[in-house]
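Student: Pasting in a structure now, in structure tokens, and then I'll have a few things to ask.
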Amino acid sequence: MSNLKAKTPFVKLVIPAIVAIILSGYCVSNTLILITLGMGIALISLSYLLIWHHQYATRWIFSIGVYFVIYAAFSFSAYLSNEQSKYNFTHASTHYIGTIASIPQEKNKTFACEIIISHPRNKKIIAYIQKNEIAKSLKPGDEVVFYSKIDSIKNFGNPDDFNYARYMHNKGFAGTTYIPGNMWQVTGKINRSLSTQALLFRQKTINLYKSLNLSHEAFTFVTALTLGYKEDLSNELKRAFQASGTSHVLAVSGLHVGIIFAAIALLTTIFGKVSRLRVFQQVVIITSLWAYALLTGMSPSVTRATIMLTIALIGKATNRNLFTYNIIAASAFLILLFNPLQLFDVGFQMSFAAVISIVAINPILVGIIKPNHKISKWITNLITISLSAQLGVLPITLYYFGTFPTYFFLANLIVVPAITIAIYTAAPTLVVTIFSDMGATLLKPIQQVFKWALESIIEITLRFVYLIESLPMSQLNNIHISLFQTIIAIITISTCIYYVKQRTPASLILTLCSLLIIVASFIHTNATNITNKIVISNSPDKADIYLYIDNKKTNLQTPKNGFIPHNHKKILLLSENKLDNIIAKKKLELDILILSNDKSFSISKIHNIFSFKILVIDSTIPNYIREKWHKECQSLGIDVHDISKDGAYLINL
């Protein structure tokens, strides 16, 4: 055990870093950071002032001092990141200057893009620019001046929704805005940073894929597979890969970095055979990997894999053996050092959970199966790695998504080799296309062959994924677990692995205790009464009212104009204005009145006919009408819940 600790110094360093980031959202202050930093420096200084023959016995003083310094450093870094993502814009329209920081994504009526504002304050936002011919020419690095109101990023408020606001906060976004076509213009200045150049190269590569005239599904898949560009992926394709347990293929990850690494290592083998050029080989590989990481957007999984391979290659170049757990911890430490809020990113959590579980569990599974032949070893390795990774990410998947793919091992057995072939086919296809477009007409037939091969392997892969999705019980849904259950599940898996490796009474007791706790938590959850609800959901441009029973969405048939059944409350839904000719001698008593679809309602007319406690305006009503109704309700003293602004409206049954 002591030997293991000596080999994993970064494991001990990353723990105070993680604790500091988690606590930064609750009890961080500049004073506390300075006190912690001062204590750390004092303890480190004290360890050096001790008499030399006492220094080894009191080395724990130095360690605690280092932990305090790391805690203070990461607390301050997390504080700065939270401040950067905090919404503190004026509530009125203002002039802003910023730089386009992503490839503009075409929507139905707008172009969505990231903008890093430089004036009047440094913030990152999501902007929706009204579609026109000038907006089509926008590209990463363009500086724009615009006049708009920046809103905070909010959740839809539906009970089964992902916490989008928190997700965007962790990504560094402070707000969102809509910019009309006549309220912006480019300044002529261009940002030429390395990240911008990578985005421009990414856009050129996407355009190169477009020139191949692939089918839309093949195009969106290959751009996601090789570039990590997922904006054009259809929801059907995303669901199919999620149901088959191969969604990691759509997000450029450690698997993709490993495939690229293998190709570059093979191409530079000639350098590795010459002892004097081995260092040069490692430099070429490392530079190529970081260039690829930059090209794909520096996702957590790609960054993690690239850092790990970089550390391993440096160790190889200097003839040092590096311990795997230490490399994992070092990569996490470095990622969090530059972006502490990555800790709360789902991709970061799943990436590290998968690689840690592969390192911990895969050797156990391989040791149990012990295949003899090369083919059986290859198949066994694919299955055991897939099983190890799925076991590691299972608690996180259930917590965030509540789903589990049942045929993941079968899907990965086919999809992983297929996407490897696809990536290796895509690269020469692009190269041949570039030279062909430059006038090398003799390469046209070769280009067509590569294009056919690429499209064929993609079509086979997608058909197989859709086949897996269509199988009975391909995905188990609505298995959501709480944060407490997630933590206990991770502890349970860890203690089970510890017991398998140690086989000691203490490890067995730990395993049984953790199993007992998680079983008790599930029994408690099932025994607890769950409040069922009617949900008037926040669905853009869509009226959606449903039942939410036992944490599951159930359809509810509602009339266009009529009452929604409820045991204790009178709830009336109006979707068509048929009130003009109605004269009420006595107001109809209601608890809740819901207005939907029709923008011709008169609030004063409604107020003369109905008496209600609250008016609910659903998300199908246009903004300018909602603002008009708000003013009328305010003058009449009517309480309003605006779903587009306040989130979904929940009614307990």
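Residue-by-condition table, conditions (1) under 30 Å from Q475 (Cβ atoms); (2) buried (at least 16 other Cβ atoms within 10 Å of the Cβ):
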residue: S193; (1), (2): no, no
residue: L199; (1), (2): no, yes
residue: L237; (1), (2): yes, yes
residue: L250; (1), (2): yes, yes
residue: A293; (1), (2): no, yes
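Student: For region 111-123, which positions are buried (at least 20 other Cβ atoms within 10 Å of the Cβ) and closer than 14 Å to F146 by Cα?
Tutor: Correct list: C113, E114, I115, I117.
Student: Ok, one more. How about region 239-278: which of its residues are more than 23 Å from V355 (Cβ to Cβ) and either modelled with pLDDT of 85 or more or not assigned by TED's automatic domain parsing to the domain that holds I460 (or both)?
Tutor: Matches in region 239-278: R239, A240, A243.
Student: Where residues in region 577-617 are modelled with pLDDT under 90 and acidic (D, E), which of them is farthest from V640 (Cα to Cα)?
Tutor: D580
Student: Got a sec? Which of I414, I361 is crowded, with 16+ Cβ neighbours inside 10 Å, closer than 28 Å to N213 by Cβ and not polar (S, T, N, Q)?
Tutor: Step by step, each of I414, I361 is checked, and only I414 is crowded, with 16+ Cβ neighbours inside 10 Å, closer than 28 Å to N213 by Cβ and not polar (S, T, N, Q).
Student: Take the residues in region 73-109 that are surrounded by 19 or more Cβ atoms within 10 Å (Cβ to Cβ) and more than 25 Å from I335 (Cβ to Cβ), then tell me which one is nearest to the chain's Cα centre (by Cα).
Tutor: Here the answer is P104.
Student: Which residues, taken from region 216-258, are of a type outside the set (A, V, I, L, M) and not in a helix (DSSP H, G or I)?
Tutor: G228, Y229, K230, E231, D232, S234, G245, T246, S253, listed by residue number.
Student: List pairs: first residue in region 317-336 and farther than 11 Å from T303 by Cα and of a type outside the set (F, W, Y), second residue at pLDDT below 70 and surrounded by 16 or more Cβ atoms within 10 Å (Cβ to Cβ) anywhere in the structure, Cβ distance under 9 angstrom, at least six positions apart or on different chains.
Tutor: A330/L322
Student: For region 140-166, which residues satisfy the criterion of being closer than 21 Å to K189 by Cα and surrounded by fewer than 16 Cβ atoms within 10 Å (Cβ to Cβ)?
Tutor: V145, Y147
Student: When region 173-215 is examined, which residues are found to be assigned to a loop (DSSP other than H, G, I, E, B) and touching a helix residue (DSSP H, G or I) at 6+ places or on another chain (Cβ under 9 Å)?
Tutor: Just the residues of region 173-215 that are assigned to a loop (DSSP other than H, G, I, E, B), to begin with: 180-183, 191-193, 211-215.
Residues satisfying the conditions are G181, S211, L212, N213, L214, S215.
Student: Consider region 594-610. How many of its residues are buried (at least 16 other Cβ atoms within 10 Å of the Cβ) and touching a helix residue (DSSP H, G or I) at 6+ places or on another chain (Cβ under 7 Å)?
Tutor: 2
Student: Hey, does region 362-385 have a residue that's touching a residue at least 60 places away in the same chain (Cβ under 8 Å) and of a type in the set (S, T, N, Q)?
Tutor: no
Student: Kindly provide the set of residues from region 287-320 that are under 30 Å from V19 (Cβ atoms) and assigned to a loop (DSSP other than H, G, I, E, B), ordered by number.
Tutor: Of everything in region 287-320, those that are under 30 Å from V19 (Cβ atoms) and assigned to a loop (DSSP other than H, G, I, E, B) turn out to be G297, M298, S299, R320.
Student: Same structure again: Return the only residue of L454, L462 being out of contact with any Asp or Glu (no Cβ under 8 Å at 6 or more places or on another chain), modelled with pLDDT of 85 or more and under 22 Å from L233 (Cβ atoms).
Tutor: After applying the criteria, what remains is L454.
The values are calculated or read from the model by the stated rules, or taken from the named source; none is laboratory data. Please read these numbers as outputs of a predicted model, since none were measured by experiment. When we count neighbours, we look across all protein chains shown, and the Cβ atoms used for this are built from the backbone with ideal geometry, even at glycine.
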